[in-house]
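The values are calculated or read from the model by the stated rules, or taken from the named source; none is laboratory data. Please read all numbers here as calculations on a predicted model, not as lab measurements. Please note: Cβ atoms are built from the backbone with ideal geometry, for glycine as well, and neighbour counts cover all protein chains shown.
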Amino acid sequence: MNAKERFFSFQDLKVWQKAVEFAERAIKVIDEMDTPRKHYRLIEQLESACTSVSMNIAEGKGRQTTKEFVQFLYIARGSLFEVITLLIILERVGWITKEKVMDFQVMAEEIAKMINSLIKSMRDTGS
């Protein structure tokens, strides 16, 4: 390993960096919500799903094979869809604004495109 390579090389992936930013923003929105305590499970699920994106990218990068990494990228992409679904539900019950949901959709779409490109490049090169 040369001096420029990191042991945790997933940190160098732009898609991972964007996913961490996505989770950070979601957690900040969660902290601003004024919600009834009886629905805490929805909030926990949102926290879990939004952090799952970057965690699955990182875990996949740490796997031994391209096939395993690609599988974790698919899981990360699925978590993005889960986050957006939860945000739509929360908007419908009045806990967040439609504008916030739309902002997250824009971010999620960008991350999904990056994940798709990474998957395609890995499949095309077989690396």
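When you check Ile111 against the structure, is it over 22 Å from Val29 (Cβ atoms) and surrounded by 15 or more Cβ atoms within 10 Å (Cβ to Cβ), yes or no?
The answer is no for Ile111.
State yes or no: is Arg41 in a helix (DSSP H, G or I), touching a residue at least 24 places away in the same chain (Cβ under 8 Å) and out of contact with any His (no Cβ under 6 Å at 6 or more places or on another chain)?
no
If I filter the stretch 53-73 down to residues being closer than 16 Å to Leu13 by Cα and of a type in the set (Ser, Thr, Tyr), which single residue comes out as modelled with the lowest pLDDT?
Thr66
Return the residues of the stretch 68-102 that are closer than 23 Å to Tyr40 by Cα and touching a Lys or Arg at 6+ places or on another chain (Cβ under 8 Å); say none if nothing qualifies.
Leu87, Glu91
In the stretch 69-127, which residues are of a type in the set (Ser, Thr, Tyr) and part of a helix (DSSP H, G or I)?
Tyr74, Ser79, Thr85, Ser117, Ser121, Thr125
Looking at the stretch 66-89, I want the residues that are of a type outside the set (S, T, N, Q) and have a partner that is exposed (fewer than 15 other Cβ atoms within 10 Å of the Cβ) with Cβ atoms under 6 Å, at least 6 apart or on another chain. Which pairs are those?
Here the result reads Phe69/Arg63, each pair linking the stretch 66-89 to a residue that is exposed (fewer than 15 other Cβ atoms within 10 Å of the Cβ).
Results for (1) of a type in the set (Val, Ile, Thr); (2) crowded, with 19+ Cβ neighbours inside 10 Å; (3) more than 24 Å from Arg123 (Cβ to Cβ), shown as yes or no for each residue.
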| residue | (1), (2), (3) |
| --- | --- |
| Glu24 | no, no, yes |
| Cys50 | no, yes, yes |
| Gln64 | no, no, no |
| Leu87 | no, yes, yes |
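Could you please let me know if Val70 is touching a His at 6+ places or on another chain (Cβ under 9 Å) and of a type in the set (A, V, I, L, M)?
no
Going by what's in this entry, would Val83 be described as surrounded by fewer than 12 Cβ atoms within 10 Å (Cβ to Cβ) and aliphatic (A, V, I, L, M)?
Considered against the rule, which asks whether it is surrounded by fewer than 12 Cβ atoms within 10 Å (Cβ to Cβ) and aliphatic (A, V, I, L, M), Val83 comes out as no.
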